[in-house]
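Chemist: This is the structure I have questions about; it appears just below.
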Amino acid sequence: MEKGNTKQEILDASLELFSVQGFEATSISQIVGAVGIRKASLYSHFESKQAILDALVKDVLEKYTEHSIFVRTKWEKNEDNLPMSADEAVKMIVGQIRFILHDPIISRARKMLVIEQFQNPELAKLQTKQNYTDVIRYFTGLIQCMIRKGILRDDDPEIMASQLCLPISVWINLCDREPEREAEAIALVDKHIRQFFRIYKK
């Protein structure tokens, strides 16, 4: 196996293990066993388990930055993707949900953060940033822009954003635990967004 491929195999196997049992509970022996290599081969790519985690976090953040609507859109500067109706909002938000549920790297990384948030202070900060701070900031900016454009009536944009996005986070968490309920969760998201628009539409 080529060196570059072995390195990626190590990252893939590590993320799979970390997403199921956590970083702390995963041993180097388990990682090399999953890849089918010797420890010496792993250490030729990564000096420690922490180095593997650091590389994974870097890769995940790069992928998230490339594909997530929460990172790509700055509402105060770019209104091209502004949803003008409930239909457009449903399409945009459901697309994002499907991305984070089904992209194998993003999905596993999110599960790893859930496991590690009470054991690893750095991963706890990342969990808060990825799953709360960035989401609230994104939706607050979205709501502020929609108020300015006269799509939604004027009210407290941060509270409106919380009302819109936090129930969706709960449904995403449900899908992580019970993937067979995804269709049910997506249907609830659809109804939730449409009700939000009925309540706040100007």
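Chemist: Take the conditions polar (S, T, N, Q), outside any loop (DSSP other than H, G, I, E, B) and either farther than 30 Å from Leu152 by Cα or at pLDDT below 95 (or both) and apply them to Asn5. Does it pass?
Modeler: The answer is yes for Asn5.
Chemist: Take the stretch 23-44 and flag every residue that is assigned to a loop (DSSP other than H, G, I, E, B) and either modelled with pLDDT of 95 or more or under 22 Å from Val114 (Cβ atoms) (or both).
Modeler: If the condition is that a residue be assigned to a loop (DSSP other than H, G, I, E, B) and either modelled with pLDDT of 95 or more or under 22 Å from Val114 (Cβ atoms) (or both), then Phe23, Glu24, Ala25, Thr26, Ser27 are the ones that fit.
Chemist: Tell me, yes or no, whether the stretch 149-156 has at least one residue that is crowded, with 18+ Cβ neighbours inside 10 Å and in contact (Cβ under 8 Å) with a residue 60 or more places away in the chain.
Modeler: Checking the stretch 149-156: at least one residue is crowded, with 18+ Cβ neighbours inside 10 Å and in contact (Cβ under 8 Å) with a residue 60 or more places away in the chain.
Chemist: Got a sec? Which of Arg181, Arg110 is without any contact (Cβ under 8 Å) to a residue 12 or more places away in the chain, farther than 21 Å from Asp87 by Cα and either part of a helix (DSSP H, G or I) or among the aromatic types (Phe, Trp, Tyr) (or both)?
Modeler: Arg181
The values are calculated or read from the model by the stated rules, or taken from the named source; none is laboratory data. All of these numbers come straight from a predicted model, not from anything done at the bench. Using ideal geometry, Cβ is built from the backbone for each residue, glycine included, and neighbour counts are taken over all protein chains shown.
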